[in-house]
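The values are calculated or read from the model by the stated rules, or taken from the named source; none is laboratory data. For clarity, every value in this text was computed on a predicted model and none was experimentally measured. All Cβ positions, glycine included, derive from the backbone under ideal geometry; neighbour counts span all protein chains shown. Only protein heavy atoms, including side chains, enter the accessible area calculation; ligands, DNA and RNA are left aside. Shrake-Rupley method; radii C 1.70, N 1.55, O 1.52, S 1.80 Å.
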Amino acid sequence: MTSVPIRDGTLHVEVRGRGPVLLLVHGFPLDHTMWRGQLDALATSHTVVAPDLRGFGRSSAVTGLLTMGQIADDLAELLDALDMPDPVWFCGLSMGGYVAWQFWLRHTAKLAGLILCDTRAAADSVEVARGRQLMAQQVVVTGSSLLLPAMSDRLFAPQTKADQPDLVATVEQVILKTSPESIAAAQRGMAERPDMQSQLPQVNVPTLALCGQYDVITPPAEMQDMVARMSRARYVEIADAGHMAPFEQPDAVNQCLREFLAQG
Ligand code: MLT
């Protein structure tokens, strides 16, 4: 793991392999270890870059507000600091997908294509945004364990919970290690993220959208609808997976990624 200084902090990043750059951007409130099934497997053909986003894992702490645009700018700076050649394949899960839209808007020239895992283009409803603000207030009082009951229940497919309890336990440990202030800052940032639905027809890079069959956070129907509004996007459903499809079913996800990236 490498530690890379950026404008006002440090990002920790795992870099493996050689070839075109594949940037793996984790979801909330996790870190780069959610890509453990992809890191080595895809490093045979690509330079795999898997950072801990600001506020998460071993990267610099954050307080107040962490917007999706700030994270996209951090990633562009990180790629430059690592001397990674443009353009890169941006693969983001859930919050990582919210960041992908901002990367597309702000750093278009750096982008070869998108891999959107278990994510959405829509902004939060007023009710969901209010829930995030409330959670941001509560988590700094009660601690990160506040998230555990809802997250462990909703992140995984029923079969994953039954057959791979170690995956659930691993993610719970990551959540518990994440600082409550970072959780609050990212929740505020997600609550104010822009709605990207009207811009979907303009997304003109090759795009692969993956969704776990049993994802209850960003359900298959919503992702299919998103893909239908994009001109160069393809949808693949991952059987027996929930919201954490790359973590739950790495072999199936890696096969899709390999096929997609080989055409790029
Ligand atoms: C994630 O997995 O990143 C979160 O579920 C995103 C969200 O809270 O909308």
Conditions (1) among the small types (Gly, Ala, Ser); (2) outside any helix (DSSP H, G or I); (3) within 16 Å of the ligand (Cβ to nearest atom) -> GLY97 fails only (2)
Look at ALA41 and say whether it is more than 14 Å from the ligand (Cβ to nearest atom), among the small types (Gly, Ala, Ser), in contact with a Pro (Cβ under 8 Å, 6 or more places away or on another chain) and assigned to a loop (DSSP other than H, G, I, E, B). yes
When GLN224 is run through (1) touching a residue at least 40 places away in the same chain (Cβ under 8 Å); (2) in a helix (DSSP H, G or I); (3) closer than 26 Å to LEU105 by Cβ, the failure sits at (1)
By residue number, the members of the stretch 71-94 that are in contact with a helix residue (DSSP H, G or I) (Cβ under 6 Å, 6 or more places away or on another chain) and of a type outside the set (A, V, I, L, M, F, W, C) are ASP86, PRO87, GLY92
Inside the stretch 17-56, the number of residues satisfying the requirement of being under 25 Å from ASP166 (Cα atoms) and open to solvent by 40 Å² or more (accessible area, probe 1.4 Å) is 3
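Quick one: in the stretch 196-221, of everything that is in a loop (DSSP other than H, G, I, E, B) and polar (S, T, N, Q), which residue is nearest to VAL236 (Cα to Cα)?
Among residues in the stretch 196-221 that are in a loop (DSSP other than H, G, I, E, B) and polar (S, T, N, Q), the one nearest to VAL236 (Cα to Cα) is GLN213.
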Per the filter on the stretch 209-236, residues crowded, with 21+ Cβ neighbours inside 10 Å, of a type in the set (A, V, I, L, M) and touching a helix residue (DSSP H, G or I) at 6+ places or on another chain (Cβ under 9 Å) are ALA209, LEU210, MET226, MET230
Every listed condition ((1) surrounded by fewer than 24 Cβ atoms within 10 Å (Cβ to Cβ); (2) assigned to a helix (DSSP H, G or I); (3) within 15 Å of the ligand (Cβ to nearest atom)) holds for PHE247 save (1)
Okay, helices (runs of 4 or more DSSP H) sitting entirely in the stretch 101-195 with 3 or more residues that are open to solvent by less than 50 Å² (accessible area, probe 1.4 Å), I get 126-142, 148-155, 165-177, 180-191
Reported set for the stretch 196-208 where residues are under 25 Å from PHE247 (Cα atoms) and either within 15 Å of the ligand (Cβ to nearest atom) or buried (at least 22 other Cβ atoms within 10 Å of the Cβ) (or both) is THR207, LEU208
Quiz prompt | Flag for THR67 being under 28 Å from PRO180 (Cβ atoms), of a type in the set (Ser, Thr, Tyr) and touching a Gly at 6+ places or on another chain (Cβ under 8 Å) | solution = yes
Taking the criterion of being modelled with pLDDT under 95, in a loop (DSSP other than H, G, I, E, B) and farther than 21 Å from THR207 by Cβ, would at least one residue in the stretch 2-25 satisfy it? yes
Only one of (1) of a type outside the set (Gly, Ala, Ser); (2) open to solvent by less than 20 Å² (accessible area, probe 1.4 Å); (3) part of a loop (DSSP other than H, G, I, E, B) does not apply to LEU65, and that is (2)
